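The values are calculated or read from the model by the stated rules, or taken from the named source; none is laboratory data. None of the values given here were measured: they were computed from a predicted structure. Every residue, glycine as well, gets a Cβ built from its backbone with ideal geometry; the counts of neighbours run over all protein chains shown.
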Amino acid sequence: MNVKWLGFFLAGSLISLSGCSEDRTSENVTQSRWYTQEQVSRGNSLYQENCAQCHQTDASGHANANEDNSAPALNGTEHAWHHPLSILRRTVKLGGIPLGGTMPSFSNKLNNEEIDDILAWVQSHWPAKTYTLWDKRNKKSLQNK
């Protein structure tokens, strides 16, 4: 193989590998996740209306959430990803007050589908590695029922 063809081969390989990066677009991030892109889209407006005032518009939460009991990040950088889907749903529905937190209940504001849409939007911000770890925990919790 001459140098010219080797260059074309390497360039093509790099281009095809660039699609494997962690920075997946929100359109294809749903391909291997429990939710659809439609849920993410609906969840965005529901999140902004019901959650952003405490958890920030980008789900980044408050810097000192663990110290001052304020709203934590939901973007995969803090503790929320440790909980299975059933617990995340229950927390939104019933709030965090029964567990010693300050999050109000949304049972009178959001139905189950809307809660799932919000959780889809939140999880669409989780890096692939975080989602994969969460997915394993979630599946394990389903087996233990």
Qualifying residue in region 121-135 (condition: under 19 Å from Gly43 (Cβ atoms), more than 14 Å from the chain's Cα centre (by Cα) and touching a residue at least 40 places away in the same chain (Cβ under 8 Å)): no
Of all residues making up region 88-103, the number that are within 14 Å of the chain's Cα centre (by Cα) and modelled with pLDDT under 95: 0
Matching residues in region 94-124 - criterion: being among the aliphatic types (A, V, I, L, M) and more than 13 Å from Asn50 (Cα to Cα): Leu94, Ile97, Leu99, Ala120
Of all residues making up region 47-73, the number that are within 15 Å of Leu110 (Cβ to Cβ), surrounded by 14 or more Cβ atoms within 10 Å (Cβ to Cβ) and either among the acidic types (Asp, Glu) or in contact (Cβ under 8 Å) with a residue 40 or more places away in the chain (or both): 4
Every residue from region 80-95 that is within 21 Å of Arg137 (Cα to Cα) and either among the acidic types (Asp, Glu) or not in a helix (DSSP H, G or I) (or both): His83, Pro84
Counted residues, region 33-79 - those being at pLDDT 90 or above, in a helix (DSSP H, G or I) and of a type outside the set (Phe, Trp, Tyr): 17
Single condition Val29 does not satisfy, out of (1) at pLDDT below 95; (2) in contact with a helix residue (DSSP H, G or I) (Cβ under 7 Å, 6 or more places away or on another chain); (3) buried (at least 18 other Cβ atoms within 10 Å of the Cβ): (2)
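Results for (1) under 20 Å from Ser32 (Cα atoms); (2) of a type in the set (D, E, K, R), shown as yes or no for each residue.
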| residue | (1), (2) |
| --- | --- |
| Asn75 | yes, no |
| Gly96 | no, no |
| Lys109 | no, yes |
| Glu114 | no, yes |
| Asp117 | yes, yes |
